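**Student:** Have a look at this one.
The values are calculated or read from the model by the stated rules, or taken from the named source; none is laboratory data. On a predicted model such as this, the values are computed, not experimentally measured, just so you know. Don't worry about glycine lacking a Cβ; one is built from the backbone with ideal geometry, like all the others, and counts go over all protein chains shown. Ligands, DNA and RNA are excluded from the accessible area calculation, which covers all protein heavy atoms including side chains. Shrake-Rupley method; radii C 1.70, N 1.55, O 1.52, S 1.80 Å.
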Amino acid sequence: MFLVVCRISRRCSLLNASNYAHFSRGLWHSAALTQRSQRKNEMVALRRLLGHIYGTERTTWSSVMLLRRHFTHLSTEGDATVMFSEQNLPSIKLYPQETKVLPGTDFNTLSEDLEGAPPLSPLEEITENEAAQIAADLPIPPASFTLQDYVDQSETLKKLVLLGVDLSKLEKRPNVANFLLRLDFERDVSRFLLFLKDVGLEDSQLGAFLSKNPFILSEDLENLQKRVSYLRLKEFSKEAVARMVAKAPYLLNFSIERLDNRLGFFQRELGLSTEKTRDLIIRLPRLLTGSLEPVRENLKVCEIELGFKKNEIQHIAIKVPKILTANKKKLMETFDYVHNIMGIPHHLIVKFPQVFNTKLLKMKERHLFLGFLGRAVYDPTKPNYVSLDKLTSTPNEIFCVEVAKASVQDYERFLKTL
Amino acid sequence: MAQFAPGVFRTLHGLFAVYKPPGVHWKSVRDTVETNLLKELNALKQRPPRQQIRFLPAGTEGSNGLEVTRVPSAVPVLADHVLVKGPAFTHIRVGTGHRLDIQSSGVFVLGIGHGNKLLKDMYNSHFTRDYTVRGMLGKATEDFTELGKTIEKTTYDHITREKLERILAVIQGTNQKALITHSHLDLQSQEAYDLAVQGKLRPMVKSPPIILGIRCLEFSPPEFTLEIQCMHETQQYLRKMIHEIGLELRSSAVCTQVRRSRDGPFTVDCSLLRTQWDLGSIQGAIRECRAQTEGVSRGNPDREAAEGPIPGPSRGAEGEGELRA
């Protein structure tokens, strides 16, 4: 086998590189079929062959590179563990096939081989200082279901945890764990953190942000910068942009065209002025990143089924933006109870849109209690008028004392008769 | 200083009762209780992380410049950090006793952890339950509730309290006969006599729904309120009974409310309202109920053991005797 390879190599210095690649690959396939001992032979042969090429110095660099690739290909099969321990990246352990395309460090190992420097023998004596410098870390598993196994070894993951990123949640999402393992904190993460700090996020918000949206680390920093300047161009203040990014982490993953489209959608559908659209988006930034179909649906429900006028819907949406993302069914149930059972007309609901923000069950209980006491007066012209605001948005104790003029115990006793 | 979470969790094994509001599914009640408990347990103090011995490099000034040595030191394992491992408590076994359907409300028994075994014992002891059922005359609907599709409308001027009570007495009489047949006891025996005298005669196996006692609490046409003591019932069965009472009265009736006021030893007073479904209140309720559930023996309880915890509410026990007489 050794002779064959040598002969091929001599001829190949004349051939072009691609041809050679084909040839050697074919060779490799045939070798793969043979026994393991034969494979070892081949490796020895290749080493000598390389020495030969270096000696003659007539081959082009490209063919050396190809050879090197071939060599690493072989060595990944045979000496996989040796290769890995030299590189301190756990990601490589997960993906042995990646090593084929891996960069330049192999060349150093190759040249070391060429110089013939023998590796340290296990029997050789070393000094105390040298011994202290050998890091003997625990081996990490080549594959795992959780990031727990890698946290103690990987600097990047360690720093992310200290930053407050919830790895236990992230690892449940598809592909995120692999993505995180391949990161290097200094190279990939820190510049994004600096960028987010520039945008105006607090230190404490960074961890929560990355727990929600780790994919920002795969975006292009220039694009992100452009999107932020787009938002600033639309006259969102710096604080507003910071708030929006913190509340809707995926905001910066949206392209400028998409953001523009979405801003336009809210302005068009609600018929708002730019000023008011801006306020709406600042109050509930997740409108921008969420699906638009439910929003459109809710607007139709408000208009057709609940019978609000256009300007009334505008008013409600500005006061309680949550109505746009609320569940359609719940919206209708609440309105049905407030309008048909409590008998409150449309114009009063528009005045107190908080009713759509509270739990129906709570409102029901309070209404029944007031009815039981004979205090359920929702007409502002009558005495003992109870405003919807007080009915819905006060805590239990204050409601009992100030609105119902009864004790909390009485209220609880009443609830147990329902 | 927060309490130690596993220690707190250990005190949670047992039974307690919540007050289920009408219009809520029993499963969502159970899930709410579980999520509330999980949230509070995870906020408490958790187990400390494991320690790992690492040989960390340390530089010391020696005689010939800087010397590097490795110092053994214990460091907490980062894999045990809450952000890596996830919350310590992810689910709690919360079991339910006899269920309540969506429209009905009232005492709903839940068991946590080992309390689930007690739930089984509670089922095997065949406790009686009290209900307050409200009906309205003059209308009949498809599903016997107020909201269902109306089938017919009738007059109810001719109905008096006496007529209603006569029907109730008939119902109780027929159920008394069913009670004896399903008890599987020889009526001529001393054992049966003793039980019957104490008013504790009841079937200890599965049987069709049996009404042990029924009486009218309030009658103001068209509305009336009944108190029913029964076993092996469903809420829909009680609604159907209101419907049949309406028919017997030569009119028709719908059921507007079904409220369970007692489930075995658990009464309304010891049940927790929606605002009290938190760790502290549930812990207290379980501690209180443990005293009552101690009587429920493990495994398949015999008749005497099962009788133990019944008489909790004095009103229910007396009412039973009074109605039987």
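**Student:** Could you work out the mean count of beta carbons from other protein chains within 10 Å of each residue's beta carbon in B:105-114?
**Tutor:** Taking the mean over all residues of the peptide, I get 1.
**Student:** Determine which lysines satisfy two conditions relative to residue A:310: a Cα distance under 22 Å, and not lying fewer than 8 residues away in the same chain.
**Tutor:** Result set, ordered by chain and number: A:276, A:300, A:319, A:322, A:328, A:329, A:330, A:351.
**Student:** In whole percent, how big is the carbon plus sulfur part of the accessible area of chain B, probe 1.4 Å, protein atoms only?
**Tutor:** 55 percent
**Student:** Note every residue of the stretch A:377-418 with a reduction of at least 20 square angstrom in accessible area, all protein chains present versus the isolated chain, computed with a 1.4 Å probe, or write none.
**Tutor:** So the qualifying set is A:396, A:412, A:415, A:416, A:417, A:418.
**Student:** Considering every residue in B:73-84, what mean count of other chain Cβ atoms within 10 Å of its Cβ is obtained?
**Tutor:** On the way: counts 0, 0, 1, 1, 3, 11, 11, 3, 7, 3, 14, 15.
Across the residues of B:73-84, the mean count of other-chain Cβ atoms within 10 Å is 6.
**Student:** Give me the number: length gained by fully extending residue B:160 to residue B:74, i.e. 0.36 nm times residue separation minus the C-alpha to C-alpha distance, one decimal in nm.
**Tutor:** 22.6 nm
**Student:** For the stretch B:154-220, what is the accessible area per residue in Å² when the probe is 1.4 Å? Don't skip to the answer; put the middle values down first.
**Tutor:** On the way: 4010 Å² over 67 residues.
Result: 60 Å² per residue.
**Student:** With each run of n ≥ 4 DSSP H residues scored as -39500 (n - 2.57), what mean residue ellipticity at 222 nm is computed for chain B after dividing by its residue count and rounding to the nearest 500 deg cm²/dmol?
**Tutor:** Details: 10 runs with 115 residues, N = 325.
It comes out at -11000 deg cm²/dmol, rounded to the nearest 500.
**Student:** Could I ask something else about it? List the relative contact order of chain B as a percent without decimals, with contacts defined as Cα pairs under 8 Å and 6+ residues apart. It would help to have the intermediate numbers written out before the result.
**Tutor:** Details: 584 pairs, mean separation 80.0, N = 325.
Once divided by the residue count of chain B, the mean separation gives 25 percent.
**Student:** Work through the residues other than residue B:168 whose Cβ is under 12 Å from its Cβ and net out their charges, Lys, Arg +1 and Asp, Glu -1.
**Tutor:** -1
**Student:** Roughly what % antiparallel, to the nearest 5, for the DSSP beta bridges in chain B?
**Tutor:** Here the share of antiparallel DSSP bridges comes out near 90 percent.
**Student:** Filter the trypsin sites (Lys or Arg not before Pro) in the stretch B:92-189 down to the DSSP loop ones having no more than 14 other Cβ atoms within 10 Å, then list what survives.
**Tutor:** Counting only loop positions with at most 14 other Cβ atoms within 10 Å, the trypsin sites (Lys or Arg not before Pro) in the stretch B:92-189 are B:93, B:149.
**Student:** Continuing with the same structure: What number comes out for the charge environment of residue A:184, summing +1 per Lys or Arg and -1 per Asp or Glu over other residues with Cβ under 14 Å away?
**Tutor:** +2
**Student:** Follow-up. Kindly flag which residue pairs out of A:364/B:120; A:359/B:39; B:177/B:206; B:20/B:117; B:153/B:240; B:117/B:177 have an alpha-carbon separation exceeding 24 Å in this structure. Numbers along the way, then the final one.
**Tutor:** Values: A:364/B:120 35 Å; A:359/B:39 20 Å; B:177/B:206 16 Å; B:20/B:117 22 Å; B:153/B:240 17 Å; B:117/B:177 33 Å.
A:364/B:120; B:117/B:177, as the Cα separations exceed 24 Å there.
**Student:** Still on this structure: Only sites in a loop by DSSP and with at most 14 other Cβ atoms within 10 Å count here; which trypsin sites (Lys or Arg not before Pro) in the stretch B:218-257 make the cut? Intermediate results must be reported in sequence, preceding the final value.
**Tutor:** Working: sites: B:239, B:240, B:250; in loops: B:250.
Hits after loop and neighbour filter: B:250.
**Student:** Report, in listed order, any pair from B:27/B:139; A:362/A:405; A:197/B:85 with a Cα-Cα distance greater than 24 Å.
**Tutor:** B:27/B:139; A:197/B:85
**Student:** Using protein heavy atoms only (no ligands, DNA or RNA), what is the total accessible area buried between B and A, 1.4 Å probe, nearest 100 Å²?
**Tutor:** 2400 Å²
**Student:** From largest accessible area down, sort B:277, B:26; use a 1.4 Å probe on the protein chains. The partial results should precede the final answer.
**Tutor:** Working: B:277 15, B:26 50 Å².
Ranked list, largest accessible area first: B:26, B:277.
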